[in-house]
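Student: Starting off with a structure, shown below.
Computed from the coordinates by the stated procedures, all read-outs in this text should not be read as laboratory data. For clarity, every value in this text was computed on a predicted model and none was experimentally measured. Neighbour counts are summed over all protein chains in view; Cβ atoms, including those assigned to glycine, are modelled from backbone coordinates with ideal geometry.
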Amino acid sequence: MDFNLTEEHMMIRDAARDFAQNELLPGVIERDETQHFPDELVKKMGALGFMGIMVDPKYGGSGMDAISYVLIMEELSKIDASASVIVSVNNSLVCYGLEAFGTEAQKQKYLPKLATGEFIGAFCLSEPEAGSDATSQKTSAIDKGDYYILNGTKNWITNGGRSDVYLVIAQTDKDKGSHGINAFIVEKGMEGFHIGPKENKLGIRGSDTHTLQFNDVKVPKENRIGDDGFGFRFAMKTLSGGRIGIAAQALGIAQGAYELARKYSKERKAFGTEISNHQAIAFKLADMYTDITAARHLVMQAAWDKDQGNNYDVSSAVAKLYASKVAMEHTVEAVQIHGGNGFVKDYHVERLMRDAKITQIYEGTSEIQKIVISRSILRD
Ligand code: CAA
Ligand code: FAD
């Protein structure tokens, strides 16, 4: 693995950093408080190529690699994890899922709009009674010849109220277990498709999370992704890439909190000196720096595996498991270093702490990442 970033990588990282500082930072506290979805910022991220980072330019994308993707995700997440999850879902679940496994007609129809931010996408796997246990889903799609009839409920769907294109995983043959599951493209406005109320969340409050209801939705057969029965494997393969994005999001949250804590520790005085001169505080910063550096290596390893065409099911799980743990632990420490100021909104670290928690839950909880990792390392 080459540890040097190319000139192009550095330019992309700097562009994302500038965008985060100049465009995301100014309204981030207000968007968190009011749960405001940043429509206008999504358009700007689309114009910068952030909504279709890895999509082939022939489908309107930026044609960049996974290393570029994680660099962008880290920079956006340092400032605003609500904005970065919109980018993550659109890029690594929806655009990747369609580009890797869709038909040419599906790619032509949806990718150019998704990759430029004209459309937003959602990925719909979780259900009220099937989150981690994803094969137990109850949403059904009955084959009627030229079309399927879709019925059921999906919950916790990111970009749920704002999307134009929804990739929905549903059961087509219960008896076949994970082989009786398919993935479908459902468009906003299809008859019988209803969007439920928005969730009121602890963190990533500027992102849009909804329950979706499908009542006899007629989905044309050409909207199925892949061969009959490919849906569960579609979800798993797509989620492996998604987990790289969320690992990079966790890394960015941790890095953002570290930078704020470091700066504060060199300004705030107690007992006649800057608090960074107290070893208890300096050692917290040393631990943060060490763990964040390790997390960055793991995130880069997973992205590098993807770029090289290596299997990244395990490296993405390792990166997400570790980076999300680092984000949670060290955002708590960043609040501690800020003392009372850490507990109020103006200093940003309380929001980063709230945002960190979701990285241990979505796209597979930490326990699920350990299942993926342990099954692999114990396999003969
Ligand atoms: N690639 C290809 N095939 C895979 C695969 C992969 N990565 N992982 C599993 N499969 C195949 C298996 O080989 C198996 O096939 P066979 O039956 O032919 O052997 C089949 O799929 C079933 O696999 P398992 O037996 O391993 O299934 P399981 O029921 O034990 O579950 C699991 C495995 C890893 C726990 C899986 O259910 C899982 O990942 N759960 C978590 C769900 C999740 O991550 N949800 C995220 C929702 S999206 C989201 O959260 C977005 C957001 O917030 C922004
Ligand atoms: P459960 O599966 O009920 O798990 C509860 C607890 O039990 C967890 O700690 C879990 O780790 C543990 N557990 C479960 N099984 C095991 C086991 N075998 N061994 C050990 N421990 C276990 N889903 C989507 O499909 N699309 C989205 O866009 C999306 N966005 C989300 C956004 C937000 C803000 C949130 C909160 C969730 C989102 N999700 C999305 C859903 C998310 O992926 C699930 O919440 C997650 O996979 C966990 O499922 P669950 O909530 O049903 O928890």
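Student: Less than 19 Å from a label point 7 Å out along the Cα-to-Cβ axis of residue 191: which backbone N atoms in the range 144-158 qualify, by residue?
Tutor: From the range 144-158, the list is 144-152.
Student: Here is a follow-up. Can you give me the C-alpha center-to-center distance between the range 331-379 and the range 156-212, rounded to a whole angstrom?
Tutor: Computed from Cα coordinates, the inter-centre distance equals 25 Å.
Student: Can I ask one more? Could you please report the charge total around residue 139, scoring K, R as +1 and D, E as -1 over all other residues with beta-carbon less than 11 angstrom from its beta-carbon? Show your work: numbers first, answer last.
Tutor: Numbers: positive: 138, 154; negative: 127, 129.
Its environment carries a net charge of 0.
Student: Please give the calculated 222 nm ellipticity per residue for the chain, where each DSSP H segment of at least 4 residues contributes -39500 (n - 2.57) and the sum is spread over every residue; nearest 500 deg cm²/dmol?
Tutor: Working: 12 runs with 185 residues, N = 380.
Theoretical 222 nm ellipticity from helices: -16000 deg cm²/dmol.
Student: I would also like to ask the following. What does the convex hull of the Cα atoms come to per residue for the chain, in Å³?
Tutor: 137
Student: Taking the Cα centre of each part, how many Å lie between the range 270-312 and the range 1-79?
Tutor: When both Cα centres are located, 21 Å separates them.
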